Each structure stands twice: as structure tokens, then as C-alpha cells.
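The values are calculated or read from the model by the stated rules, or taken from the named source; none is laboratory data. Owing to the predicted nature of the structure, the values given are computational and were not obtained by experimental measurement. Cβ atoms come from the backbone with ideal geometry, glycine included; neighbour counts cover every protein chain shown. When the accessible area is computed, the model is the full protein with side chains, heavy atoms only, and any ligands, DNA or RNA have been set aside. Shrake-Rupley method; radii C 1.70, N 1.55, O 1.52, S 1.80 Å.
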Amino acid sequence: MKNNRLLETFVHGVFLVLGLITVGFVLLITVYLVAAGIPAIREIGLAPFLLGETWASTAAEPSFGILPFILTSVYGTAGAIVLGVPVGFLTAVYLSKMAPPAVKGVMEHAVSLLAGIPSVVYGLVGMLVLVPGIRKLFHVPDGASLLAAMVVLAIMILPSIIKVSVTALDAVPKEYEDASLALGATPEETYFRVSVPAAKSGIAAAVVLGVGRAIGEAMAVMMVSGNAPNMPELFQSVRFLTTAVASEMSYSAGLQRQALFSIALVLFLFIMLINATLNFFLKRSKEG
């Protein structure tokens, strides 16, 4: 008995230490980004930095306005969610509730493979197939645009949404569905009015993971978006917050380098705000 208590205390201590290490890493990253990003914001000014429409970091008279990057990230993430979430959600319902076992097995392997493909491969395929396709389909000068970035991001978030949603739907007790069917509901009504509401917290978590992937992606987006610091338009080359840091960090110096750290700080706070907002609504939904 005493040995069991000592073992439980030891295991509890190990988990506590690991949890504190994780929290410590988050705090360390936060402190470093704040310390590295604040100097440039002080020198440039908060309003000119966040609301300025021109980014010309290497000009004779440099300008460091990141409003185009912020709006592009917002529009690009929203577009990816609008395109990707319905496809991922409906695919998850089909795999969990309707697909034959053989089809489900094949499609789950395909989804896992889709999750394992490196982002640079998505970007390469998008650059060689999607960008020329958009140029020909919509008769625009260049297919590297916000639309191309939205489509690539929508495809990239599908594995996260599908896999987590399938797990949540599979965890719904079969008794719920049997009771619904016994009351005269059709299978489709049962799936969407009983199973999906019962698994809504897991499906919402899948969407949160998809949003996190869409916001943080850089390489694939850089290859298909044109990477030009323009105000966002659907068929115009744009630059995201992530690609702004990745494209200039290698040769940056002085105020330009500090401004890139400030962009990273804005991106970090942006992700934290979105996660906190989604978790707030999820918590309210559970309490309701």
C-alpha cells in the first residue's frame, strides 16, 4: 500500500513537472516576442505600424505598415474555413456513419496520407496546377493570388478537421441513435440532429485545430499567393503575416529586423485571441 502511494506521488510529480515545463516554454516564447517586438513598435508608432497600408522595409525612406498583412491573414483564414470546414465536416459524417467498412478504411488512410504531406509539396502542386488554372479560368494576369492561398489552406486543414471529427462522432453512444431511429427518424435525420449535436464539442475542437493550421502556414502560402505586400483582393498577389516574416528575415537588419519580430508578436497575439474566443464560446456551449 505504501509503495503504491509512493509510486502515485512520483508519477503525479513527473506529470506536474512536465506540465510546468510546457507552461514555461509558452511563457518564455511570450516574453521573448514581447521583448523583441516592442522596440520597433515604439520607434515606428503603434497606429502607423498596425494601420499603415504601405510596407517598404528596404526603401530609402522605409515604411512599416502591416495592415495589408493583417487583413490578408484574416481574409485568407476565413476563406479557408468557409471552403474547408463544410467539406471536412460532411466527409467526417459520411466516414463515421454512412461509409462501408472497406471504403472507410481506404479513405482514412488517404486522409492520414494527406496529413503527412509536407507543406512545400502543397505549395509546389498549387504553383504548378492551381495558379495556372485560376489564371485560365478567371482570365486574370496572374493566378498567384489570395484565392489560390485560400484553396491551398482549405485543402491543408481538411485532415485535421476530418480525423478529429470522425473520432468525436465515433464516440457518440450507439444508444442515442437507436432511440432516435426507434422514434421514427430517418438515418440522415439521426446523424445530423442527434449524433452531430452530441459530438459538437469534438467537431468544434477540430475546427480550432484547422484554424490554427491555416493561420500558421507560411511555405505553401508563400508559393501560391504571390507574396506581394498589397491590400487584399481576391485575384491579386498578397502577403500574409507568416510569409512577411519568412520572406525577409534572412537578410533583415536594424529596424527592419525588429519590425519583423513585431509582426511575429502581432501574429502570436492574433492566434491567442482567436483560441481564447473559440474556447470561450465552447465553454459557454457546454455550460448551456
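Taking region 119-165 as the range and being within 28 Å of E108 (Cβ to Cβ) and basic (K, R) as the test, only K163 passes.
Results for (1) modelled with pLDDT of 90 or more; (2) surrounded by 16 or more Cβ atoms within 10 Å (Cβ to Cβ); (3) part of a helix (DSSP H, G or I), shown as yes or no for each residue.
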site: K163; (1), (2), (3): yes, yes, yes
site: L234; (1), (2), (3): yes, no, no
site: A244; (1), (2), (3): yes, yes, yes
site: E248; (1), (2), (3): no, yes, yes
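If the condition is being part of a loop (DSSP other than H, G, I, E, B) and within 17 Å of N275 (Cα to Cα), then region 209-219 contributes only E217. Taking every residue in region 129-140 that is part of a helix (DSSP H, G or I) and pairing it with any residue that is open to solvent by 40 Å² or more (accessible area, probe 1.4 Å) and modelled with pLDDT under 90, at least 6 positions away or on another chain, the pairs with Cβ-Cβ distances below 7 Å are R135/D142.
Note on region 220-232: among residues that are surrounded by fewer than 24 Cβ atoms within 10 Å (Cβ to Cβ) and not in a loop (DSSP other than H, G, I, E, B), the one that is nearest to the chain's Cα centre (by Cα) is M222.
Of all residues in region 167-192, those that are part of a helix (DSSP H, G or I) and open to solvent by 30 Å² or more (accessible area, probe 1.4 Å) total 14.
Of all residues in region 193-208, those satisfying the criterion of being in a helix (DSSP H, G or I), without any contact (Cβ under 8 Å) to a residue 40 or more places away in the chain and small (G, A, S) are A198, G202. Summed over region 43-70, residues that are part of a helix (DSSP H, G or I) and either buried (at least 17 other Cβ atoms within 10 Å of the Cβ) or not aliphatic (A, V, I, L, M) (or both) total 8. Restricting A56, A144, A80 to residues that are under 24 Å from L267 (Cα atoms) and out of contact with any helix residue (DSSP H, G or I) (no Cβ under 7 Å at 6 or more places or on another chain) narrows the list to A56.
The rows are residues; the columns are (1) acidic (D, E); (2) at pLDDT below 90; (3) surrounded by fewer than 20 Cβ atoms within 10 Å (Cβ to Cβ).
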| site | (1), (2), (3) |
| --- | --- |
| V82 | no, no, yes |
| V85 | no, no, no |
| A92 | no, no, no |
| P100 | no, no, yes |
| V103 | no, no, yes |
| A110 | no, no, yes |
| G116 | no, yes, yes |
| L128 | no, no, yes |
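Put simply, of T91, T77, T30 the only residue that is of a type in the set (S, T, Y) and more than 30 Å from V166 (Cβ to Cβ) is T30. Restricting the first member to region 30-42 and to residues that are under 14 Å from M249 (Cβ atoms), and the second to residues that are of a type in the set (A, V, I, L, M) and open to solvent by 40 Å² or more (accessible area, probe 1.4 Å), the beta-carbon pairs closer than 7 Å and six or more apart or on different chains are A40/L255.
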